[in-house]
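The values are calculated or read from the model by the stated rules, or taken from the named source; none is laboratory data. Predicted model only: the values in this text are computed from it and were never measured. FYI the Cβ positions are ideal-geometry reconstructions off the backbone, even for glycines, and counts take in every protein chain you see. Please note that ligands, DNA and RNA were not included when accessible areas were found on the heavy atoms of the full protein model with its side chains. Shrake-Rupley method; radii C 1.70, N 1.55, O 1.52, S 1.80 Å.
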Amino acid sequence: MRFLAGVATLVMAALPLRAEDMVTDFRLENGMQVVVIEDHRAPVVMHMVWYRAGAADETPGVSGVAHFLEHLLFKGTETLEPGEFSATVAANGGRDNAFTSYDYTAYFQRIAADRLELMMQMESDRMVNLQLDEKDILTERDVIIEERNQRVENSPAALMREQLDAAQYLNHRYGVPIIGWRHEMEALSLEDALAYYRQYYAPNNAILVVAGDVEPAAVRTFAETYYGVIPPNPELEPRVRPTEPPQTAARRMVFEDPRVAQPYLRRSYLAPERDAGDQETAAALTILAEILGGGTTSFLAEKLQFDAQLAVYTGAWYRGTSFDDTTFEFVVVPAEGVSLAEAEAAMDQAMKDFMADGVDPAQLERIKMQLRASQIYARDDVERLANRYGRALASGLTIEDVKAWPDVLQAVTEEDILRAAEAVLDLDTSVTGWLRAPQADAEVGQ
Amino acid sequence: MMRFVLTCVLVLAALPLRAGVEIREVTSPGGITAWLVEEPSIPFVALEIRFRGGASLDAPGKRGAINLMTGLLEEGAGDLDARGFARAAESLAASFSYSAGDDTVSISARFLTENRDQALDLLRLSLVEPAFSQKAIDRVRGQVISGLRSDEKDPNAIAGRTFKALAFGDHPYGSPSNGTIESVSALTREDIVAAHKAALARDRLYVAAVGDITEAELGPMLDRLLGDLPETGAPMPGDAELSLEGGVEVVAFDTPQSVAHFGHAGIDRHDEDFFAAYVMNVILGGGGFESRLMTEVREKRGLTYGVYSYLAPKDRAALYLGSVASANDRIAEAISVIRDEWRRLAQEGVTQDELEKAKALLTGAYPLRFDGNGAIARIMVGMQMDDLPIDYIATRNDKVNAVTREDVNRVAAELLDPDGLHFVVVGKPEGL
């Protein structure tokens, strides 16, 4: 430790090329946004299309349709047979897949850079020419129900998480699972999927991200050829969703399942997200989560795992990249023989101590040092950069916000952090969940 | 559209690999060998270190010792306690990760050029002078046991554990490398110190480095980092005898979706038919959405979200494994379809079209793996552990392309044993 003293302050003085310098962006005439991230070290490209539409944009009653449609996009178009999209990517030595979240749905292929044009041709085709029949949708509905079985029904932790989210969001669709409530998934129809498709899949609702061994001018030419000719959807509405009412009571739940072997507790608070041109509070909360629950040296680990030895694991998270209000969360896994009530009391006490003690300046500097270094490491991981831009742009942020984010983080002060903590971490507006086995069978861990 | 696609398949030529990829073997003054790719464009280094033997070197009755020891390497070393060590790494923005598997203890490190020496000093401390304080042992043991407790009620973990036990019995491969609650609870500091001596020695060491470092710098660095480790460690474990027979074993567990792990004997990495088997598996169950298993079980019947098969050539045994998960009332059908596909491939072989597509996927996807300093370092250290020549990367796609339909069909007939396939099913399956 001694031999390291002073290192943190003197390094990184001459900051080398930043990850942001690899980025070019422009917009097609039909409104489609394009981001190009250059990395010429390998002849490989990542081609992604992000739609500004996710599970939180669904109509009530058809939960899971955004994700269902994502599956159905592999089923064929007027010119592609079902499965031919992925088969073609594979036959060209590439990999493809897609993912759905609350605020976006994204499709990607990783492939040799000289196949970029083919990828754009196929991806632009399925943006508007999807061709589905009743049989496709019935088999695929079985698949997503098995996916729900695998991700959720077989996991008490995931089931508890659904209940906790539903308790956190009374009015906003973030309270409904992305994969959907099972009873609504079972009734999803072809028309449900197509209605969502027609509403949201359009160039003026999409972001193209191309990362790898490509030149921005060539990307522009291809993008204009394939995506640029698709007319925008004039019916596209501004993205306005219901907001949460004021929370007037702390919410608590106990989720019991005989499959739980290791009990734990989660706590969440509604928190502001990164907003375009206004990322300071989100930056403070990002660093606050690191300080409180970012690993071995974090405040909660110190108090609950090292000093008191009441927990085997502690963590804190804040997901700042979100279209609407997000959450700040804690997890505490109690040590053997420690009850959930004791663990929760210890967590609450630790938070009181934190608010009283303030921020350890050395810890804050270590976190900032790591954030600075992540700018260097990021240049080695172009896919991660591609995801960072896609996620941010689909969540209401601008290119400038993404580029400014590292500096906004560096500018965060102790006062900013404490002010943000004060504003967000109010027990009266908390949601707390305990996960445990039914008390009669709770022979372990209690 | 179609025509254009076909043309593209035909013109697919072997891609050049990463422009600057040039692996050099570096031997330190002290005799430690490493493979190096210099990549000065980003000011950091990715370093991968492997020790062969891994958790299979656990002494009898000490299951989980190597795993716990590995988890303790970052929990205090030299004069630093766990938090001191973590703070030091954070101050340098270096990251070190330590893990133990059946055959290997792995260390992955990444550190900046500007404080490389301090980062390496810190990494050295953790490998050569870990403190193994009783406090840290008890705390990390608590974390391991918490995980083991969760595994007791996790269908995937139950299936994996049951399959291992059936396949390998008393050999270390026959039990989870993180041990049991009982065995881990009984481990003492002496056991941890012994595990360190057994597993981290220079006679089983493999190193690869990629990034902003020269050959001249790497040699002395290796000696400083690893030169103080003992010359030799524990003797390697013997071969594991595979005691699997065909059939279905149900582990009753009250959950809506049954999880099945399945498999039988596989093929050694050094077998001359390995590439043919590898290509065959892409067609059967390893190639993503296009594999026969995905097509038949998921795409056509909607029985699962995912079904996979893979070759698992371990150091002391070779397996051919797979997994699937389906609702309790549908798992029997999924298993029946999988067994039928196993049989169909063994009896009828593959089509020329399937073979060409599998080769196109494998050869085209190979360069995509080299996508970052850490990834390249992991590939290089894996090549060394597999005893592959240093020019392997340049010849690998030729080996794939040399596989003929006759090779695949012959290997399929020899390797695939539909009746010998053993399924472990965890859940409340109906009709099994």
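Condition first: open to solvent by 20 Å² or more (accessible area, probe 1.4 Å), in contact (Cβ under 8 Å) with a residue 24 or more places away in the chain and either closer than 10 Å to B:V140 by Cβ or within 14 Å of chain A (Cβ to nearest Cβ) (or both). Now tell me which residues in the stretch B:81-104 satisfy that.
Answer for the stretch B:81-104, where residues must be open to solvent by 20 Å² or more (accessible area, probe 1.4 Å), in contact (Cβ under 8 Å) with a residue 24 or more places away in the chain and either closer than 10 Å to B:V140 by Cβ or within 14 Å of chain A (Cβ to nearest Cβ) (or both): B:D81, B:F96, B:Y98.
Quick check, is B:A325 among the aliphatic types (A, V, I, L, M), more than 14 Å from chain A (Cβ to nearest Cβ) and either open to solvent by less than 50 Å² (accessible area, probe 1.4 Å) or over 30 Å from B:L47 (Cβ atoms) (or both)? Quick ask: steps written out before the conclusion?
On the way: among the aliphatic types (A, V, I, L, M): yes; more than 14 Å from chain A (Cβ to nearest Cβ): no; either open to solvent by less than 50 Å² (accessible area, probe 1.4 Å) or over 30 Å from B:L47 (Cβ atoms) (or both): yes.
No.
Among A:L435, A:L418, which is the only one that is within 14 Å of chain B (Cβ to nearest Cβ) and of a type outside the set (G, A, S)? First the steps, then the outcome.
Values: A:L418 fails: within 14 Å of chain B (Cβ to nearest Cβ).
Selected residue: A:L435, the only one of A:L435, A:L418 that is within 14 Å of chain B (Cβ to nearest Cβ) and of a type outside the set (G, A, S).
Find the helices (runs of 4 or more DSSP H) located wholly in the stretch A:87-197 whose residues include 3 or more that are open to solvent by less than 30 Å² (accessible area, probe 1.4 Å) and either modelled with pLDDT of 95 or more or within 12 Å of chain B (Cβ to nearest Cβ) (or both), and list them.
A:116-128, A:134-148, A:156-168
When A:Y226 is evaluated against the numbered criteria (1) open to solvent by less than 10 Å² (accessible area, probe 1.4 Å); (2) farther than 27 Å from A:D325 by Cα, which criterion, by number, is the only one it fails?
In the conditions (1) open to solvent by less than 10 Å² (accessible area, probe 1.4 Å); (2) farther than 27 Å from A:D325 by Cα, A:Y226 misses (1) alone.
Return the total of residues in the stretch A:294-315 being open to solvent by 10 Å² or more (accessible area, probe 1.4 Å) and under 22 Å from A:E162 (Cα atoms).
1
State the number of residues belonging to the stretch B:396-432 that are open to solvent by less than 40 Å² (accessible area, probe 1.4 Å) and over 30 Å from B:S336 (Cα atoms).
Final tally of qualifying residues: 3.
Just one of the numbered conditions (1) under 25 Å from the mean Cα position of the chain (by Cα); (2) within 14 Å of another protein chain (Cβ to nearest Cβ) is not true of A:L310; which one?
Of the numbered conditions (1) under 25 Å from the mean Cα position of the chain (by Cα); (2) within 14 Å of another protein chain (Cβ to nearest Cβ), the odd one out for A:L310 is (1).
Report, by residue number, each residue of the stretch A:401-416 that is assigned to a helix (DSSP H, G or I) and free of Cβ contacts under 8 Å to residues at least 24 places away in the same chain. Walk me through it before giving the result.
Step one: of the stretch A:401-416, the residues assigned to a helix (DSSP H, G or I) are A:401-410, A:414-416.
Scanning the stretch A:401-416 gives A:D407, A:E415.
Looking only at the stretch A:58-80, how many residues end up being over 19 Å from A:Q109 (Cα atoms) and among the charged types (D, E, K, R)?
Here the count works out to 2.
So which pairs qualify, if the first residue must be in the stretch B:358-382 and more than 10 Å from chain A (Cβ to nearest Cβ) and in a helix (DSSP H, G or I), the second must be surrounded by fewer than 21 Cβ atoms within 10 Å (Cβ to Cβ) and of a type in the set (D, E, K, R), the Cβ gap must be under 9 Å, and the two must be at least 6 apart or on different chains?
B:I379/B:R369
Here's the yes/no breakdown for (1) among the hydroxyl-bearing types (S, T, Y); (2) surrounded by fewer than 20 Cβ atoms within 10 Å (Cβ to Cβ); (3) in contact (Cβ under 8 Å) with a residue 60 or more places away in the chain:
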{"residue": "B:F163", "(1), (2), (3)": "no, no, yes"}
{"residue": "B:D170", "(1), (2), (3)": "no, yes, no"}
{"residue": "B:G179", "(1), (2), (3)": "no, no, yes"}
{"residue": "B:A195", "(1), (2), (3)": "no, no, yes"}
{"residue": "B:A199", "(1), (2), (3)": "no, no, yes"}
{"residue": "B:R204", "(1), (2), (3)": "no, no, yes"}
{"residue": "B:A208", "(1), (2), (3)": "no, no, yes"}
{"residue": "B:T214", "(1), (2), (3)": "yes, yes, yes"}
{"residue": "B:D223", "(1), (2), (3)": "no, yes, yes"}
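Being of a type in the set (S, T, Y) and within 14 Å of chain B (Cβ to nearest Cβ) is the requirement here; does A:S268 meet it?
It is false that A:S268 is of a type in the set (S, T, Y) and within 14 Å of chain B (Cβ to nearest Cβ).
Is it the case that B:V184 is more than 20 Å from the chain's Cα centre (by Cα), surrounded by fewer than 17 Cβ atoms within 10 Å (Cβ to Cβ) and in a helix (DSSP H, G or I)?
Spelling it out, it is not the case that B:V184 is more than 20 Å from the chain's Cα centre (by Cα), surrounded by fewer than 17 Cβ atoms within 10 Å (Cβ to Cβ) and in a helix (DSSP H, G or I).
Which of the residues spanning the stretch A:239-259 are open to solvent by less than 60 Å² (accessible area, probe 1.4 Å) and either within 14 Å of another protein chain (Cβ to nearest Cβ) or at positive phi (or both)?
Hits for the stretch A:239-259 are A:D257, A:R259.
For the stretch B:44-80, enumerate the residues that are more than 25 Å from B:K314 (Cβ to Cβ), touching a Leu at 6+ places or on another chain (Cβ under 8 Å) and surrounded by fewer than 24 Cβ atoms within 10 Å (Cβ to Cβ).
Of everything in the stretch B:44-80, those that are more than 25 Å from B:K314 (Cβ to Cβ), touching a Leu at 6+ places or on another chain (Cβ under 8 Å) and surrounded by fewer than 24 Cβ atoms within 10 Å (Cβ to Cβ) turn out to be B:G78, B:L80.
Given (1) under 28 Å from B:G306 (Cβ atoms); (2) away from chain B (no Cβ under 13 Å); (3) over 20 Å from the mean Cα position of the chain (by Cα), identify the lone condition not met by A:P82.
With respect to (1) under 28 Å from B:G306 (Cβ atoms); (2) away from chain B (no Cβ under 13 Å); (3) over 20 Å from the mean Cα position of the chain (by Cα), A:P82 is out only on (2).
Taking only the stretch B:305-319 into account, find how many residues are touching a helix residue (DSSP H, G or I) at 6+ places or on another chain (Cβ under 6 Å) and within 14 Å of chain A (Cβ to nearest Cβ).
Number of matching residues: 3.
Restricting to the stretch A:198-223, and then to whatever is outside any helix (DSSP H, G or I) and over 23 Å from the mean Cα position of the chain (by Cα), can you tell me which residue is surrounded by the most Cβ atoms within 10 Å (Cβ to Cβ)? Talk me through it step by step, then tell me what you get.
Let us first name the residues in the stretch A:198-223 that are outside any helix (DSSP H, G or I), namely A:201-202, A:206-215.
Going one step further and asking which of them are over 23 Å from the mean Cα position of the chain (by Cα), we end up with A:213-215.
On the way: A:D213: 19, A:V214: 24, A:E215: 13.
By that ranking, first place goes to A:V214.
Listed here are the residues, each with its yes/no results for (1) part of a loop (DSSP other than H, G, I, E, B); (2) more than 14 Å from chain A (Cβ to nearest Cβ); (3) touching an Asp or Glu at 6+ places or on another chain (Cβ under 6 Å).
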| position | (1), (2), (3) |
| --- | --- |
| B:L218 | no, yes, no |
| B:G233 | yes, yes, no |
| B:P237 | yes, yes, no |
| B:E241 | yes, yes, no |
| B:T255 | yes, no, no |
| B:A260 | no, no, no |
| B:G263 | no, yes, no |
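Of the numbered conditions (1) in contact (Cβ under 8 Å) with a residue 24 or more places away in the chain; (2) within 14 Å of chain A (Cβ to nearest Cβ); (3) touching a Leu at 6+ places or on another chain (Cβ under 9 Å), B:V251 fails exactly one; give the number of that condition.
For B:V251, the exception is condition (3).
Restricting the stretch A:59-74 to residues that are touching an Asp or Glu at 6+ places or on another chain (Cβ under 7 Å) and open to solvent by 20 Å² or more (accessible area, probe 1.4 Å), which is farthest from the other protein chains (Cβ to nearest Cβ)?
Checked the stretch A:59-74; the qualifying residue farthest from the other protein chains (Cβ to nearest Cβ) is A:G61.
Report yes if B:S146 is within 13 Å of chain A (Cβ to nearest Cβ), open to solvent by 30 Å² or more (accessible area, probe 1.4 Å) and in a helix (DSSP H, G or I), otherwise no.
Details: within 13 Å of chain A (Cβ to nearest Cβ): yes; open to solvent by 30 Å² or more (accessible area, probe 1.4 Å): no; in a helix (DSSP H, G or I): yes.
Criteria not met by B:S146.
Can you go through A:M46, A:M32 and tell me which one is within 23 Å of A:L118 (Cα to Cα), within 10 Å of chain B (Cβ to nearest Cβ), out of contact with any Cys (no Cβ under 9 Å at 6 or more places or on another chain) and at pLDDT 95 or above?
Exactly one residue qualifies, and that residue is A:M46.
Any residue in the stretch A:134-150 that is at negative phi sitting within a Cβ distance under 8 Å of a residue that is assigned to a helix (DSSP H, G or I) and of a type in the set (D, E, K, R)? List the pairs, counting only those 6 or more apart or interchain.
So the pair list comes out as A:T139/B:E299; A:V143/B:R298; A:I145/A:R182; A:R148/A:R182.
Is it the case that B:S126 is in contact with a helix residue (DSSP H, G or I) (Cβ under 8 Å, 6 or more places away or on another chain), within 30 Å of B:D315 (Cβ to Cβ) and of a type outside the set (D, E, K, R)? Spell out how you get there, then give the answer.
Values: in contact with a helix residue (DSSP H, G or I) (Cβ under 8 Å, 6 or more places away or on another chain): yes; within 30 Å of B:D315 (Cβ to Cβ): yes; of a type outside the set (D, E, K, R): yes.
Yes.
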